[in-house]
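Enquirer: Just passing along the structure, written as structure tokens.
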Amino acid sequence: MITLLDYGAGNVRSVINAIEILGEQVKIVQTPQDILEAEKLVFPGVGAFGKMMDILNAKKLTEPLKAYLRDNRPFLGICLGLQALFEYSQEDPGVPGLGFISGRVERFKTELAIPHIGWNSLIHHKPSRIFYGNQGNEKYYFVHSYHVVPEDESVILTTTDYGQRFVSAVQIDQVMATQFHPEKSGQLGLRLLNNFLDLDISPNIPDLSIPSTKLAKRIVACLDVRANDQGDLVVTKGDQYEVREKGTVRNLGKPVELAQQYYKEGADEITFLNITGFRDFPLEDLPMLEVLRQTSRHVFVPLTIGGGIREYTDSQGRYYSSLEVASEYFRSGADKISIGSDAVIIVEDYLKDRHKTGTSAIEQISRVYGNQAVVISIDPRRVYINRPANCQHKVIETKYPGPNKENYCWYQCTIKGGREGRDIDAITLAQVCETLGAGEILLNCIDRDGTNSGFDLELIKAVKESISIPVIASSGAGKPCHFYEVFSQTQAESALAAGIFHRREVPIAAVKEYLKELTEIRPLPNP
Ligand code: 1PR
């Protein structure tokens with residue numbers, strides 16, 4: 001029996017699913033006694049350090065946890081579960097940590113985008129059973145803005161590079177903890193969890209010791225989901241957001257099955273976009289919740305869900321805050337939520353007086369679940385102009401002149417799935433969303449959507465250069481070389497595709513085969 005400490009943070013469902021798929025049973029801590037009686041304790045956490053410690057203290061779990069650690073019994077901390085072991089964090093300086101390991105938690109100091117999101121490798125410093133079977137160049141999934149700094153270097157198990165070298169795992173005898181997420185690191189992550197659970201495995205240090213590590217570029221598979229006219233949830237795909245062909249919604253497959261298939265084929269992340277998110281179901285009946293629950297049982301890479309993430313009142317008159325909606329998705333297996341139309345409304349409000357209210361969906365959700373859990377999905381289209389001086393929006397000079405040979409354009413944001421254009425540009429939207437606490441931008445392009453003509457590199461470059469959070473390039477992928485174009489001509493951290501994967505025109509493996517000699521990628525999973 002594995003005891004899991006769930007203090008209400010984000011997506012523990014994936015940790016439970018991972019341990020259960022390994023054939024183990026999970027007991028969730030309900031009382032302090034449950035910790036003291038635990039045989040093996042797993043402590044996953046995402047979100048803010050201070051909030052985590054406040055909850056542990058409020059639930060009187062801090063002292064039993066310290067006692068358990070002092071007893072040197074099998075313990076695995078994940079992400080915040082690692083940071084909690086230290087004395088304090090720059091994120092919430094006044095809040096003491098468990099202090100089991102001397103040292104602090106500090107924010108990355110790098111020019112690179114923060115948070116550090118994606119697949120990165122490990123430099124091994126000492127043997128451990130959790131890395132039994134590793135070669136030494138494996139990649140695991142990270143999503144964090146802070147890292148630990150131990151005073152005594154002998155506790156360091158692994159380090160990783162991201163603009164600076166940081167500690168990515170520690171071990172003191174039976175107490176181990178990782179900054180990365182084994183439950184989101186595919187088969188490799190499941191093996192690590194299995195090794196932790198099997199106390200008979202002897203400590204191992206991989207043969208291959210790599211001198212440095214690099215964050216891989218991410219290949220994201222996107223599933224645009226909606227109900228078809230028969231009411232079945234299907235994966236569909238628009239051409240410039242038009243998903244009907246001869247009046248019928250294109251049906252490219254079942255969401256759960258396709259997600260599992262892309263996971264097996266090597267997708268680094270999977271995104272579900274509920275493109276008709278603006279329906280007024282009671283929260284618990286939202287169809288995408290079940291899709292997430294089923295998917296997260298078998299898919300162990302990060303899952304993002306978008307569409308309808310905002311406050312609303314259902315047909316029974318029941319009001320739900322955006323935080324409640326997001327929390328239900330996190331509890332159902334999502335690692336990140338994506339906000340579309342509501343982000344445009346929030347930014348329009350903010351620009352009226354540039355005053356942070358703290359009540360917007362972006363601020364509320366990022367405060368509780370952390371910036372890294374909030375993605376903004378932008379649906380812009382080009383508006384060509386002749387004289388940039390007459391335009392109050394952020395304008396770029398384009399190499400692709402407009403219908404009347406205009407050499408300039410701005411990117412107009414839209415809401416409701418491209419149906420309504422708004423008086424705001426994509427660059428400004430991305431900048432303000434970062435200010436309000438968003439952790440990543442999903443940058444679509446209506447003009448390129450479904451065209452197979454390549455990503456809009458001018459848009460991606462302009463947005464990426466104006467913010468310091470990661471960007472997912474989206475819309476227009478048609479060939480593997482389009483991915484190399486966006487990774488070599490812009491600083492985008494990820495690239496997303498939908499149509500070419502659904503129509504089996506270019507499998508994920510072909511994209512990764514093409515890129516593997518050209519840029520850093522996560523190797524394809526072993527068949
Ligand atoms: O506004 O918060 O309810 O969210 C709705 C979400 O659904 C937004 O993220 C919005 O981008 C998405 N959406 C709404 N309508 C459509 C549509 O297609 N009619 N899909 C839509 C957006 C764009 C990409 C697509 C890429 C790659 N799809 O996600 O997957 O363009 O496509 P490609 O590789 O085939 O070119 P809210």
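Enquirer: Evaluate E = 1/(1 + (r/R0)^6) for Thr276 and His298, where r is the Cβ-Cβ distance and R0 equals 25 Å; express this FRET efficiency to the nearest 0.05.
Expert: 0.45
Enquirer: While we're looking at this one, here's another question. Compute the distance in nm between two label points, each set 7 Å from the Cα along the Cα-to-Cβ direction, one at Asp200 and one at Glu397.
Expert: For Asp200 paired with Glu397, the spin-label model returns 7.1 nm.
Enquirer: Further question on the same structure: Pull out the extension gain between Asp229 and Asn526, defined as 0.36 nm times the separation in residues minus the alpha carbon to alpha carbon distance; nm, one decimal.
Expert: That pair, Asp229 and Asn526, stretches by 103.0 nm at full extension.
Enquirer: Identify all aspartates and glutamates with a Cα-Cα distance to Lys51 below 14 Å; exclude those on the same chain that are fewer than 8 residues away in sequence.
Expert: Within reach: Asp6, Glu91, Asp92.
Enquirer: Could you work out the helix-only [θ] at 222 nm for the chain, with each DSSP H run of four or more residues adding -39,500 (n - 2.57) and the total divided by the number of residues, to the nearest 500 deg cm²/dmol?
Expert: Here the helix-only value at 222 nm equals -7500 deg cm²/dmol.
Enquirer: Compute the acute angle (0 to 90°) between the alpha-carbon long axis of helix 426-436 and the principal axis of greatest extent of the alpha-carbon atoms of the chain; round to the nearest 10°.
Expert: 30 degrees
Enquirer: Can you return the aspartates and glutamates within cross-link range of Lys214? Criterion is Cα-Cα under 16 Å, with same-chain partners fewer than 8 residues away left out.
Expert: Here the aspartates and glutamates satisfying the reach criterion relative to Lys214 are Glu111, Glu138, Asp161, Asp268, Glu493, Glu517, Glu520.
Enquirer: So the label point goes 7 Å from the Cα of Arg503 along Cα→C-beta, right? Which residues of the stretch 243-260 then have their backbone N under 17 Å from it?
Expert: Counting backbone N atoms under 17 Å from the label point, the list is 243-253.
Enquirer: What is the chain's relative contact order, in percent, from Cα pairs under 8 angstrom and six or more apart in sequence?
Expert: With pairs under 8 Å counted, the relative contact order is 13 percent.
Enquirer: Would you mind working out the magnitude of the charge dipole of the stretch 234-361 relative to its Cα centre, with +1 at each Lys and Arg C-beta and -1 at each Asp and Glu C-beta, to the nearest 20 Debye?
Expert: Result for the stretch 234-361 is approximately 180 debye, rounded to the nearest 20.
Enquirer: Now, a different point. Which lysines have a Cα lying under 20 Å from the Cα of Lys264, excluding residues fewer than 8 positions away in the same chain?
Expert: Candidates past the 8-residue exclusion: Lys139, Lys184, Lys217, Lys254, Lys512, Lys516.
Enquirer: Mind checking the dipole of the stretch 393-527: about its Cα centre, +1 per Lys or Arg Cβ, -1 per Asp or Glu Cβ, Debye to the nearest 20?
Expert: With Lys and Arg at +1 and Asp and Glu at -1, about 360 debye.
Enquirer: Please state the charge dipole magnitude for the chain, taken about the Cα centre, from unit charges on C-beta atoms (+1 on K and R, -1 on D and E), reported in debye and rounded to the nearest 20.
Expert: Roughly 700 debye, rounded to the nearest 20.
Enquirer: Students often check this: by mean Cβ neighbours within 10 Å, which of 498-508, 436-446, 201-211, 111-121 ranks highest, and how do the rest follow?
Expert: In descending order of packing, they fall as 436-446, 111-121, 498-508, 201-211.
Enquirer: Let me know the whole percent of all Cα-Cα pairs from the chain that are separated by more than 46 Å.
Expert: It works out to 11 percent of all Cα pairs.
Enquirer: Shifting gears a bit: If you add up the charges near Val374, with Lys and Arg at +1 and Asp and Glu at -1, over every other residue whose beta carbon is less than 14 angstrom from its beta carbon, what do you get?
Expert: -2
Enquirer: I would also like to ask the following. Percent of alpha carbon pairs in the stretch 146-249 separated by more than 22 Å?
Expert: 54 percent
Enquirer: Please figure out what share of the DSSP beta bridges in the chain is antiparallel and state it in percent, rounded to the nearest 5.
Expert: That works out to approximately 50 percent antiparallel.
Enquirer: Also, quick follow-up: Given a Förster distance of 60 Å, report the FRET efficiency between Ser453 and Met1 from their Cβ-Cβ distance, rounded to the nearest 0.05.
Expert: 0.65
Enquirer: On to the next question. Below 8 Å, C-alpha to C-alpha, sequence gap of six or more: please give me the relative contact order for the stretch 50-172 in percent.
Expert: 21 percent
Enquirer: Could you grab the relative contact order for the stretch 468-527? Cα pairs under 8 Å, six or more apart, rounded to a whole percent.
Expert: For the stretch 468-527, the relative contact order is 34 percent.
Here, each number is a calculation from the coordinates, and none is a lab measurement. Just so you know, these numbers come straight off a predicted model, no measurement behind them. Neighbour counts are summed over all protein chains in view; Cβ atoms, including those assigned to glycine, are modelled from backbone coordinates with ideal geometry.
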